[in-house]
Amino acid sequence: MGVADESLHGAVLDKLGALVVAGEYATGQVLRIEQLEARFGVSRTVVREAVRVLASMGLVSSRRRVGVTVSPRASWNLFDPRVIRWRLDNGERESLLRSLGELRLGVEPVAAALAAAHATPEQCGRLTEAVMRMAVHGRAGDLESYLAADILFHRTLLEASGNDMFGGLSTVVAEVLAGRTHHRLMPAFPEPAAIRRHAEVAQAIQSGDAAEARRAMRDIVEEATRAMLGPGG
């Protein structure tokens, strides 16, 4: 697949995936390759590649002489970052943010406590560096650079837990953080208190204080979830 086809494939994948997630194509509905070619104005090769990726996520199934069948939500890989992104982009954003907040609350405070026992000096250094970057970019109002530092912090924390299952959730957490920024649920200048709580987590992990690391991380997740859901959340 050439560069142009790859670009088209990415665009079609995003559009088709978003339509499936939004329910424009009903569960069990059969889509024809020719129908999708006409809708998106692309080649059969591009459509087939997009369908192949969607099938790997569990959103559709494809069978010769049958077509592309839209799968029920129970079959979806709900942890795929692209599925999360598409769901955040449609009308179920609030319920998804609440679910993701509950998931993070069940995972990240525990990961922080584990990191207090297992983090390497290098990982402790990365956590501190991430907090410093957050402080600099937060004061400047550079939300994209702040986001990158925030993602670095949470990815490092999950990996530092020593639990590879927690580490595998880093892409999910990154997508939640990105969604908060890209859906304008972040203040123009991130709250200094939020950055301070990240510093408290980093310090607790470095000093081996599992209880304090757990408490501070719980505060971070609860505050972030409240901020995204608003006063009624």
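The values are calculated or read from the model by the stated rules, or taken from the named source; none is laboratory data. Computed from a predicted model, the values in this text were never measured in an experiment. All Cβ positions, glycine included, derive from the backbone under ideal geometry; neighbour counts span all protein chains shown. Heads up: the accessible areas ignore ligands, DNA and RNA and are worked out on the full protein's heavy atoms, side chains in. Shrake-Rupley method; radii C 1.70, N 1.55, O 1.52, S 1.80 Å.
Summary of computed values
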item	result
Yes/no for V70 being crowded, with 16+ Cβ neighbours inside 10 Å, touching a Phe, Trp or Tyr at 6+ places or on another chain (Cβ under 6 Å) and outside the structural domain of L158 (by TED's automatic domain parsing)	yes
Residue within region 46-62 that is open to solvent by 20 Å² or more (accessible area, probe 1.4 Å), over 18 Å from V176 (Cβ atoms), touching an Asp or Glu at 6+ places or on another chain (Cβ under 9 Å) and not hydroxyl-bearing (S, T, Y) present	yes
Count - residues of region 139-170 that are open to solvent by 30 Å² or more (accessible area, probe 1.4 Å), at negative phi and not aromatic (F, W, Y)	15
Whichever residue in region 82-108 is within 15 Å of H154 (Cβ to Cβ) and in the same structural domain as L185 (by TED's automatic domain parsing) and, among such residues, is surrounded by the fewest Cβ atoms within 10 Å (Cβ to Cβ)	G106
Test result for L8, free of Cβ contacts under 8 Å to residues at least 60 places away in the same chain, more than 19 Å from the chain's Cα centre (by Cα) and assigned to a helix (DSSP H, G or I)	yes
Residue match in region 179-190 (condition: more than 30 Å from L19 (Cα to Cα), over 16 Å from the mean Cα position of the chain (by Cα), part of a helix (DSSP H, G or I) and not polar (S, T, N, Q))	no
Conditions (1) within 26 Å of W86 (Cβ to Cβ); (2) in contact with a helix residue (DSSP H, G or I) (Cβ under 7 Å, 6 or more places away or on another chain); (3) part of a helix (DSSP H, G or I); number of the one not met by A199	(1)
